[in-house]
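Report on the structure given below.
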Amino acid sequence: MHHVTPSGRLSLPALPSASRRAVLRGIGGAAVLGAGIPLLSACGGSGTSSDPKTVTLGSNASDAVPKKAFAEIYAAFKKQSGITVDVNTKDHNTFQEQINSYLQGTPDDVFNWFAGYRMQFFAGKKLATPIDDVWQTIGGNFPDAMKALSKGEDGKYYFVPLYTYPWALFYRKSVFQQHGYTVPTTWDQLVALCKQMKKDGLVPIAFGDKDAWPALGTFDQINFRTNGYDFHVELMAGKASWTDAKVRKTFDHWAELLPYHQDGAVGRTWQDAAQTLVSKKAGMYLLGTFVAQQFTNQADADDLDFFAFPEIDPTYGQETVEAPTDGFMLSKAPKSKASAVKLLEYLGTPEAEAIYLKADPSVVAASSKADTSSYTALQKKAYAMISGAKHLTQFMDRDSRPDFTSTVMQPALQKFVRDPKGIDSLLTSIERQKKTIFASG
Amino acid sequence: MTVDTTKTPEAAAVPPPGTASPKKRVPQGHRRLLTRRDRLTLGLMAGVPTILHVALVWVTALASIALAFTTWDGIGFDSIKWVGLDNFKELFSNNPQFWPAVEHNVIWFVVLILIPTPFGLFLAVQLDKKIRFSRVYQTALFLPVVVSLAVTGFVWQLVYNPDTGLINSLIGANKPGHYIDWIGDPHLNLWAILIAASWRHAGYMMILYLAGLKSVDPALREASALDGANEWQTFKNVIFPTLRPTNTVVLVVTIIEALRAFDLVFVFNKGAQGTELLSILVTNNIIGESSRIGYGSAIAVVLLVISLAVIIPYLISTFRKERRA
């Protein structure tokens with residue numbers, strides 16, 4: 001009977017390969033506009049305007065590899081549950097810039113986002129729905145560190161993590177072999193290695209900070225090694241002071257290492273810096289595992305290895321790992337909540353992870369139950385590093401207010417990298433600006 | 001003519017009696033001609049653009065002035081908090097990028113007016129001499145103006161890239177020890193970008209001056225030649241003074257270019273150390289996931305005030321001139 005309504009005829013041609021459900025949804029949607037509610041309830045059996053068997057999903061996975069990987073997950077989900085995932089992909093950066101108005105408008109049911117402060121911020125603003133019910137099902141799949149990452153400040157779950165990747169010091173095995181270097185595990189060993197590399201005509205540590213965020217990663221590593229996870233978190237949350245002697249100590253350590261960094265970092269992109277590692281001109285490079293993307297030649301890629309940032313204070317050892325985590329959140333008023341919950345539960349399974357990782361081997365699973373047998377050597381090592389971590393951090397711009405990190409920390413650290421002598425006035429300035437930003441609520 | 005001048009302005013405004021009666025009838029005719037539908041159409045044609053203009057230009061401008069006295073993260077209207085002059089206080093005393101940004105906008109203007117503008121005039125004068133291939137030169141020199149600034153920025157990045165760029169590769173300044181960081185070094189990067197900006201601006205100025213020169217009466221040149229003036233004397237005493245209207249346009253255009261400078265720098269290094277600009281600070285504060293809309297608006301208001309300070313005197317002098325004419 002629905003097929004004879006004029007509105008149904010209108011929406012059919014718009015959906016060439018329409019499944020039965022998509023057709024029903026078209027009719028249902030049109031019915032609200034034209035034919036009225038009774039028809040709809042007869043059709044879908046639900047009081048909402050959308051088909052309960054379709055979940056809309058806002059995606060920032062605009063790059064080819066992740067886009068395809070996600071599409072495969074949704075296809076598998078459909079096969080298993082009969083629920084269609086209607087993906088609305090936006091350019092990665094645009095998605096991030098518009099996230100504010102997107103979430104306040106009529107967002108998709110589920111959307112891609114990042115763990116950490118960035119997730120908590122929108123949870124706190126009531127622009128996301130808590131998903132404790134989802135976590136009752138998927139909780140067993142994740143290690144405690146991941147659970148902590150998925151909670152808002154109110155202690156409720158808001159996030160389903162899918163994949164993660166660690167930050168570490170990358171190097172080429174052949175270069176270390178050729179010069180007889182060993183992997184440093186303490187600060188003194190690291191400094192000694194840098195000295196030796198310089199003597200051997202290498203750039204000890206490749207560095208490019210043109211995009212202003214890579215230096216945040218260096219700060220994170222030195223800070224949580226020097227002062228521990230708890231202080232780092234307090235500092236990121238705006239509670240600890242940037243003029244604290246502890247922060248000064250972090251910068252002193254950094255200043256000690258800076259002469260061994262590549263010249264002119266502020267004018268270089270991370271991709272160009274990575275090329276100096278590829279071409280064996282640099283000995284080490286501190287970055288996320290995505291540095292592997294620059295190793296396009298398979299032989300070079302096989303030669304790539306990494307180690308955790310060396311210990312600075314034995315109290316904290318190497319217990320903290322910086323591992324930005326990406327995943328999904330549920331928007332404030334999802335249209336088909338029951339299906340969205342099913343999708344989130346599926347995304348929290350080891351199967352979903354396995355599908356993703358098969359297509360995108362540059363990251364590792366967030367789940368502790370994911371099948372790691374097909375991992376590359378780098379993935380295995382990354383996975384071991386993350387699962388063995390006592391604490392996970394995200395990254396400065398995910399652990400702290402993004403407005404603070406982008407308008408204050410990024411320029412400040414660029415300034416430090418260029419001129420490490422002006423550190424005291426720089427820290428005073430950071431602290432003053434931090435106070436106004438964090439006070440603004 | 002003489003009769004007219006004796007009349008008072010009011011009297012002059014009154015039309016002679018003979019033409020008065022048809023004029024009275026004309027509006028009546030219009031009233032008859034305009035059907036309801038016509039009036040509706042006209043109303044829409046005038047009304048829709050007016051509404052759009054008011055909503056998109058005036059309301060937004062006034063809203064950003066109002067927002068400059070608040071803090072707002074852009075989420076829900078209830079999170080707008082009135083903070084009075086705090087944003088401005090913060091800006092003037094606490095923001096390490098603000099004063100450099102003002103300074104760089106000023107430098108931008110001074111450089112554009114002192115280097116590419118006279119150079120553009122020089123090129124225009126040369127091209128005006130009807131030399132061979134004049135059109136080829138014209139096209140070549142005007143080309144940078146046609147290309148989008150974002151593309152210009154990209155192309156110049158290839159020239160300036162410290163590791164793989166043209167300059168450093170040619171002079172071998174991409175090795176440790178002697179390394180020239182055109183993009184990262186705050187003593188260099190602003191000048192590096194200004195070269196790119198000047199490269200474009202010179203072509204723009206050339207076209208403006210060329211148009212101005214075309215309108216110079218050839219009889220003036222002839223007269224000065226007959227008086228025995230050499231080329232430089234002719235230019236200095238005869239041609240340049242007649243370019244006065246063009247010079248005003250050039251000045252205004254250059255000021256606008258200096259205030260709205262953005263694209264080139266944003267592509268080059270996003271206004272990092274040494275290349276901060278007001279427009280970039282506004283963008284950095286407003287665009288993003290948890291934005292400082294109030295603070296960004298305060299910077300925008302500063303930019304607005306500077307622009308008004310430049311534009312108002314210009315408008316006053318222009319209107320004065322028109323009244324005199």
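The values are calculated or read from the model by the stated rules, or taken from the named source; none is laboratory data. Note that the coordinates shown come from a computational prediction; the quantities given were computed from them, not determined experimentally. Counting neighbours? That spans all protein chains shown, and the Cβs are built from the backbone with ideal geometry, glycine included. Note: areas computed on protein heavy atoms with side chains; ligands, DNA, RNA excluded. Shrake-Rupley method; radii C 1.70, N 1.55, O 1.52, S 1.80 Å.
Over all directions, how big on average is the projection of the convex hull of the alpha-carbon atoms in the protein assembly as shown, in square nanometres?
Reported value for the Cα convex hull: 47.6 nm².
Pairs from the list A:Lys249/A:Lys280; A:Lys239/A:Lys415; A:Lys125/B:Lys89 with a Cα-Cα gap above 26 Å: A:Lys249/A:Lys280; A:Lys125/B:Lys89. For A:Lys358, a cut-off of 21 angstrom between C-alpha atoms picks up these lysines, skipping any fewer than 8 places away in its own chain: A:Lys67, A:Lys68, A:Lys78, A:Lys79, A:Lys369, A:Lys380, A:Lys381. Counting Lys and Arg as +1 and Asp and Glu as -1 over every other residue whose Cβ lies under 15 Å from the Cβ of B:Leu121, the net charge comes to +2. The accessible-area loss of region A:387-414 on complex formation, taken against its chain alone with a 1.4 Å probe, reaches 20 Å² or more at A:Pro402, A:Asp403, A:Thr407, A:Pro411, A:Gln414.
Give the B-A buried accessible area in Å², both sides summed, 1.4 Å probe, nearest 100.
2800
Spin-label model, B:Glu103/B:Phe77: points 7 Å from Cα along the beta carbon direction are separated by 4.2 nm.
Proximity of backbone amide H atoms, modeled 1.01 Å from N, is registered between A:Met284 and A:Ile205, A:Ala206 at under 5 Å, excluding neighbours fewer than 5 places apart on the same chain. Here the accessible area of the protein assembly as shown is 62 percent carbon and sulfur, with a 1.4 angstrom probe and all protein chains present.
With a cut-off of 17 Å, note down the residues of region A:404-441 whose backbone N falls inside the zone around a label point 7 Å from the Cα of A:Glu153 toward its beta carbon. Residues passing the 17 Å test: A:404-405, A:434-441. The calculated 222 nm mean residue ellipticity attributable to helices in chain B amounts to -22000 deg cm²/dmol, summing -39500 (n - 2.57) over DSSP H runs of n ≥ 4 and dividing by all residues.
Accessible surface calculations at 1.4 Å, restricted to protein heavy atoms, place the protein assembly as shown at 48 Å² per residue.
Interface residues of region A:247-296, defined as a loss of at least 30 Å² in heavy-atom accessible area between the chain alone and the complex of all protein chains with a 1.4 Å probe, are A:Asp263, A:Gly264, A:Val266, A:Gly267, A:Arg268, A:Asp272. Extension gain for the segment B:Trp191 to B:Ser134, taken as residue separation times 0.36 nm less the Cα-Cα distance, is 17.5 nm to one decimal.
What FRET efficiency do you get for A:Thr243 and B:Leu114 if R0 is 51 Å and r is their Cβ-Cβ distance, rounded to the nearest 0.05? FRET efficiency, A:Thr243 to B:Leu114: 0.75. Note on chain B: Kirkwood radius taken over Cα pairs, Stokes-Einstein applied at 25 °C and 0.890 mPa s, translational D equal to 99 µm² s⁻¹. Here A:Lys337 is the anchor, and the aspartates and glutamates within straight C-alpha reach of less than 16 Å, apart from those fewer than 8 places off in the same chain, are A:Asp51, A:Asp86, A:Asp108, A:Asp109, A:Asp132, A:Asp133, A:Glu345. Of the trypsin sites (Lys or Arg not before Pro) found in region A:258-363, none is in coil by DSSP with at most 10 other Cβ atoms within 10 Å of its Cβ. Using bins of 10 Å that start at zero, the share of Cα-Cα pairs per bin across region B:122-222 amounts to 14, 33, 25, 18, 8, 2, 0, in whole %.
With r defined as the distance between the Cβ atoms of A:Asp144 and B:Ile171 and R0 fixed at 51 Å, what FRET efficiency is calculated, to the nearest 0.05?
After rounding, the FRET efficiency stands at 0.35.
In region A:189-211, which residues give up 50 Å² or more of accessible area once the other protein chains are added, compared with their chain alone (1.4 Å probe)? Those residues are A:Lys210. For region A:159-166, the Karplus equation 6.51 cos²θ - 1.76 cosθ + 1.60, evaluated at θ = phi - 60°, returns couplings of 9, 10, x, 10, 9, 8, 8, x Hz by residue, with Gly and Pro reported as x. Each other residue within a Cβ distance under 14 Å of B:Asp78 adds +1 if Lys or Arg and -1 if Asp or Glu, for a net charge of +2.
Close amide H partners of B:Ile75, meaning residues 5 or more places away or on another chain with modelled amide H under 5 Å apart, do not exist here.
Helix A:245-257 sits at what angle to the longest principal axis of chain A, using alpha carbons and giving 0 to 90 degrees rounded to 10? Result, in degrees: 70.
Full extension of the chain segment joining B:Ile51 with B:Arg244 gains 65.7 nm, where the gain is 0.36 nm per residue of separation less the Cα-Cα distance. Residue by residue, region A:140-151 carries 3J(HN,Hα) couplings of x, 7, 10, x, 4, 4, 5, 4, 4, 5, 9, 9 Hz when phi is fed to the Karplus relation 6.51 cos²θ - 1.76 cosθ + 1.60 (θ = phi - 60°); x denotes Gly or Pro. For a straight C-alpha distance cut-off of 15 angstrom, the aspartates and glutamates reachable from A:Lys435 (same-chain residues fewer than eight places away being disregarded) are A:Glu234, A:Asp244, A:Asp403, B:Asp86, B:Glu90.
Excluding A:Trp270 itself, calculate the net charge of residues whose Cβ lies under 11 Å from the Cβ of A:Trp270, where each Lys or Arg counts +1 and each Asp or Glu counts -1. Write down the numbers at each step before the final one.
Numbers: positive: A:Lys210, A:Arg268; negative: A:Asp209, A:Asp211, A:Asp272.
Combined, the nearby Lys, Arg, Asp and Glu give -1.
Applying 1/(1 + (r/R0)^6) with R0 = 56 Å to the Cβ-Cβ distance of B:Phe92 and B:Glu322 gives a FRET efficiency near 0.90.
The amide H of A:Ser331, built 1.01 Å from its N in the peptide plane, has A:Val110, A:Phe111, A:Thr129 as neighbours under 5 Å, considering only residues 5 or more places off or on other chains.
Helix by helix through chain B, keep the DSSP H runs that span 27 Å or more along the axis on Cα and average at least 1.0 on Kyte-Doolittle, and give those back in order.
B:293-324
Estimated at 0.36 nm per residue, the fully extended path between B:Gln126 and B:Val216 surpasses their Cα-Cα distance by 30.9 nm.
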